[in-house]
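Below is one structure, written out as structure tokens; comments come after it.
What follows draws every value from the coordinates through simple rules; no lab data is involved. In this text, all values refer to a predicted model and were calculated from it rather than measured experimentally. Glycine also receives a Cβ, built like all others from the backbone with ideal geometry; neighbour counts cover every protein chain displayed.
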Amino acid sequence: MFLLCVISTPALAREQRKTVIYGSDTRVEALESHDPMLVDYSFSVAGLVREYDLFPAQGKGSFELEEDLKEEVEKLRGKVDRETYNFLLSLLESEENEEQKKEDEEQILALSRLKSIKKLKGRSKNLLRYFLYRLTRGDYNGDVFKFDDNQSVTSVFNACPNERFAEQTVLPQCTGFLVKDDVLLTAGHCLKTVDDCRNSLWVFEYYKGANAIPARNVFKCKEILAHKESLKKIFTSKLTLSVRDYTLVRLDRKAKGRKPLKIRTKGRGPLKGEKLAVIGHPLGLPMKIATGEVTSSFHWSYFKTNLDTFFGNSGSPVINLKTGEVEGLLFDGENDYIEDKSDDISCRKTNVLSRSKGDEKVLRISKVPTLK
């Protein structure tokens, strides 16, 4: 299960993570958890968001109304080359479809400079807002950011209407957490390259009910300090797997008022049966907390759990409920959904397995050498 994030794109989320519900769904809204420690920790957990999925909420560059978009495009006539102008018109006038959206996402995240705009062929209003802002205002510096609140679990993943959280808005594509006041740890398959860094934002406090993001909660990726993503066979008495899947990110400024999470610094990690919690953005939803336990501690570089995690949870911190320490980060697991074609309606429902079959994989925090 490569937990990556909501609406997958090859640059930010090439390997989509899979997952499942074990027994009953333990996910709760982060701020509604009965564990004050976990609520406190949630303020140091962030979601990975594509830069063009946020736009200023008010003032210059907000472009909220259709008339605003048309007016801004018209103002650029003669100020940009014809190909760029025609591209903006296509974004304004064309209806978005799933095939085109996939192509948009594949191309936008491959961009390294705004001048490459003419290489794109897209039809997303979000893309139009993004390019209009960049062409007319420069870098984002607004006080509040908005996002497309029409992107729900139902519309994005074709989830059945009766699925939990089906109508909540999805936004992040992965999860990460603070290990220093300006350094964040996430899964390696979430953030790989300089371009990934340049085209992404880290958003703190995306909780239930949020309809805007204050600028103080939005951080840019300044640089990638370390990255590892590997799967290697090691022959011992039994065949096992040595996994590395992490990226350390330096943010553009210190996350003032947020505490780096406490991580395990000694020992190999939790044993089978130890109680755990995970904090993150399953399916890109507002932050959730889920609880479970270790189901297998056999593997050298990772352990398995029955935590209820989903695509979007990649990079989520997995916390030992007894010690309060981060034991590792989530990177893989079982399939999230199965097809449901009952009543002549084709939609996707959550894959439910026994809690004894937990197969959500967590990279041991001790296998991130730069944290030692």
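The distance between label points at residue 32 and residue 226 comes to 3.8 nm (points 7 Å beyond Cα on the Cα→Cβ vector). A cut-off of 5 Å between modelled amide H atoms, ignoring neighbours fewer than 5 places along the same chain, links residue 332 with 3, 361. In sequence order, region 183-192 has phi-based couplings of 10, 10, 10, 9, 6, x, 7, 7, 9, 10 Hz under the Karplus curve 6.51 cos²θ - 1.76 cosθ + 1.60, θ = phi - 60°, and Gly or Pro positions carry x.
Under 5 Å between amide H atoms, partner at least 5 residues away or on a different chain: which partners does residue 348 have, H built in plane at 1.01 Å? It is 159, 160, 340, by chain and number.
Phi-derived couplings, Karplus 6.51 cos²θ - 1.76 cosθ + 1.60 at θ = phi - 60°, listed residue by residue for region 45-52: 10, 10, x, 8, 10, 5, 4, 7 Hz, with x used for Gly and Pro.
Proximity of backbone amide H atoms, modeled 1.01 Å from N, is registered between residue 325 and 320 at under 5 Å, excluding neighbours fewer than 5 places apart on the same chain.
Basic side chains Lys and Arg get +1 at the Cβ, acidic Asp and Glu get -1 at the Cβ, and with that the dipole of region 150-236 about its Cα centre reaches some 260 debye. Using a cut-off of 29 Å between Cα atoms, the listed pairs 70/146; 222/262; 228/304 include none that exceed that distance.
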